[in-house]
Amino acid sequence: MTEELSSFDIKILEQLQKDCSVSTVELAEIVGLSQSPCWRRLQRLKEEGYIKQQVAILDSERLGYGLHIFAYLKVSRLSEKDRASFSRKVQNTPEILECYSIFGEMDIMMKIQAKSMKWYQDFLMNFLMNLPGVENVNSTATLGEIKCTTAVPVRGNMAY
């Protein structure tokens, strides 16, 4: 059974979102626990699914992906087989960072990292338009990044 998050659990989660490369010794010191209790809490948070994975966040521009595009797809009714094929193709395409089913005029919203507009044009015509059931794609290219974070608000406090 999942326990309620304690103030120590919250501090651990907040610190890991800032830097998950800290050792358990460092983490314990930061949150104000001794090493063993900190390690046990960390293991419990992982086992209970609060921590899905620990990763490095790379600089996309340094890797040549300086453009973010949001693509909105209109999709026709799909069979189970086509839906599975659509999902598999999206999951296996690393340039698609996020994909959501949405309410409204369009059915799918994707966040895509692109190397250039030319690259995206090719991707649009040769990949997106060939996904099962895709009838139409509307795209929005970003001009600049104002905020980008992977941090989830752990405390639930509203900052506004």
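The values are calculated or read from the model by the stated rules, or taken from the named source; none is laboratory data. Keep in mind that what you see is a predicted model, and the values were worked out from it rather than measured. Reconstructed Cβ throughout: ideal geometry from the backbone, glycine too, with neighbour counts over all protein chains shown.
Take Tyr72 and decide whether it is out of contact with any strand residue (DSSP E or B) (no Cβ under 8 Å at 6 or more places or on another chain) and among the aromatic types (Phe, Trp, Tyr). The answer is no for Tyr72. Residues in segment 61-85 that are hydroxyl-bearing (Ser, Thr, Tyr), outside any helix (DSSP H, G or I) and farther than 21 Å from Lys115 by Cα: Ser76, Ser79. I'd like the full set of residues that are surrounded by fewer than 17 Cβ atoms within 10 Å (Cβ to Cβ) and within 24 Å of the chain's Cα centre (by Cα), limited to segment 61-81. Result: Glu61, Arg62, Leu63, Gly64, Gly66, Phe70, Lys74. The listed residues are Phe127, Phe103, and the only one of them that is without any contact (Cβ under 8 Å) to a residue 12 or more places away in the chain and assigned by TED's automatic domain parsing to the domain that holds Leu73 turns out to be Phe103. Of the residues making up segment 102-127, those that are closer than 18 Å to Ala84 by Cβ and assigned to a helix (DSSP H, G or I) number 0.
Looking across segment 28-60 at every residue that is small (Gly, Ala, Ser) and not in a helix (DSSP H, G or I), the one that is surrounded by the most Cβ atoms within 10 Å (Cβ to Cβ) is identified as Ser60.
Could you check, for segment 39-59, whether at least one of its residues is basic (Lys, Arg) and either in contact with a Ser or Thr (Cβ under 6 Å, 6 or more places away or on another chain) or in contact (Cβ under 8 Å) with a residue 12 or more places away in the chain (or both)? The answer is yes, given that some residue of segment 39-59 is basic (Lys, Arg) and either in contact with a Ser or Thr (Cβ under 6 Å, 6 or more places away or on another chain) or in contact (Cβ under 8 Å) with a residue 12 or more places away in the chain (or both).
The residues listed here are Asn92, Asn126, Asn138; of these, the one that is under 22 Å from the mean Cα position of the chain (by Cα), loosely packed, with under 11 Cβ neighbours inside 10 Å and more than 30 Å from Ser23 (Cα to Cα) is Asn92.
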